Structures are given as structure tokens and as C-alpha cells.
1. Under 6 Å between Cβ atoms, at least 6 apart or on separate chains: pull out the pairs that start in the range 7-21 with a residue that is of a type in the set (A, V, I, L, M, F, W, C) and end on any residue that is surrounded by 14 or more Cβ atoms within 10 Å (Cβ to Cβ) and at pLDDT 70 or above.
2. Sort through Asp85, Asp55 and tell me the only one that's under 14 Å from Lys17 (Cα atoms) and not small (Gly, Ala, Ser).
3. May I ask you to list the residues in the range 55-67 that are within 23 Å of Asp85 (Cβ to Cβ), touching a residue at least 24 places away in the same chain (Cβ under 8 Å) and in contact with a helix residue (DSSP H, G or I) (Cβ under 7 Å, 6 or more places away or on another chain)?
4. Anything in the range 1-37 that is part of a helix (DSSP H, G or I), out of contact with any helix residue (DSSP H, G or I) (no Cβ under 7 Å at 6 or more places or on another chain) and either buried (at least 17 other Cβ atoms within 10 Å of the Cβ) or at pLDDT 90 or above (or both)? List them, or say none.
5. Does Phe51 satisfy the criteria of being of a type outside the set (Asp, Glu), farther than 23 Å from Leu88 by Cα and either at pLDDT 95 or above or surrounded by 18 or more Cβ atoms within 10 Å (Cβ to Cβ) (or both)?
6. Out of the residues in the range 67-90 that are surrounded by 18 or more Cβ atoms within 10 Å (Cβ to Cβ) and of a type outside the set (A, V, I, L, M), state the one that is farthest from Asn24 (Cα to Cα).
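The values are calculated or read from the model by the stated rules, or taken from the named source; none is laboratory data. Note that the structure is a prediction, hence the values are computed from the model and not measured. Because the Cβ atoms are built from the backbone with ideal geometry, glycine has one as well, and the counts that use them run over all protein chains shown.
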Amino acid sequence: MIDEGSTSTTAKHTDKKIQIDEWNKHIQTIKSIGKVWANFKCFEDPKPEDFKQIDIHGRGEVTYQEFCLWVSKNEIFNETEIGEDLKLSI
């Protein structure tokens, strides 16, 4: 969806990481997803600068785990119903 994959010229496949350019290119997609099926607080108004916050290892790429952690922390911080459930798993 956001991950556009490697730069391979033979086949398009995912590298399972989001790069800064992919993030910026798909911010509107994230907003749309938040309105349709993934009603998470952090999807309401994602910004380019969120990328640095999500990239906790500072490698210039966001892993699936980093992305999920960002969503989880936002839900817990905003005390949403999902956030309350997530607290139980910590």
C-alpha cells in the first residue's frame, strides 16, 4: 500500500519498509484509510514530520514494527477504546 518495494528493474516487490519519499507520497492515502477502515487517531492528520517520530532507530526507513508501535502509542496516548485494549497487552 505505502511500501513501493525495491528498486529492482526485473520485478516489483516489497522491501517491507517505508522510505521517507514513500511516506510523503502516500500521506493522503493514509488519511483515506483512516476514514474508511482503520479509524486510528494518527491517521486523521499524518504529516511529513511524523516520519522521524516513527523511525525510532533513525535509519531513514520505517519497519512494520515501528509503524505498528507508532499507531499503538497514539491510540494509548489519545485514550481511545483501542488504546485501552492495547494497554492490556503491554
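1. Matching pairs, first to second residue: Ile18/Val62; Ile20/Phe51.
2. Details: Asp85 fails: under 14 Å from Lys17 (Cα atoms).
Result: Asp55 is the single residue among Asp85, Asp55 that is under 14 Å from Lys17 (Cα atoms) and not small (Gly, Ala, Ser).
3. Answer for the range 55-67, where residues must be within 23 Å of Asp85 (Cβ to Cβ), touching a residue at least 24 places away in the same chain (Cβ under 8 Å) and in contact with a helix residue (DSSP H, G or I) (Cβ under 7 Å, 6 or more places away or on another chain): just Phe67.
4. Narrowing the range 1-37 to residues part of a helix (DSSP H, G or I): 20-25, 27-36.
Filter once more, keeping what is out of contact with any helix residue (DSSP H, G or I) (no Cβ under 7 Å at 6 or more places or on another chain): 21-22, 24-25, 27-29, 32, 35-36.
Hits for the range 1-37 are Asp21, Glu22, Asn24, Lys25, Ile27, Gln28, Thr29, Ser32.
5. On the way: of a type outside the set (Asp, Glu): yes; farther than 23 Å from Leu88 by Cα: yes; either at pLDDT 95 or above or surrounded by 18 or more Cβ atoms within 10 Å (Cβ to Cβ) (or both): yes.
Spelling it out, Phe51 is indeed of a type outside the set (Asp, Glu), farther than 23 Å from Leu88 by Cα and either at pLDDT 95 or above or surrounded by 18 or more Cβ atoms within 10 Å (Cβ to Cβ) (or both).
6. Top of the filtered list is Gly83.
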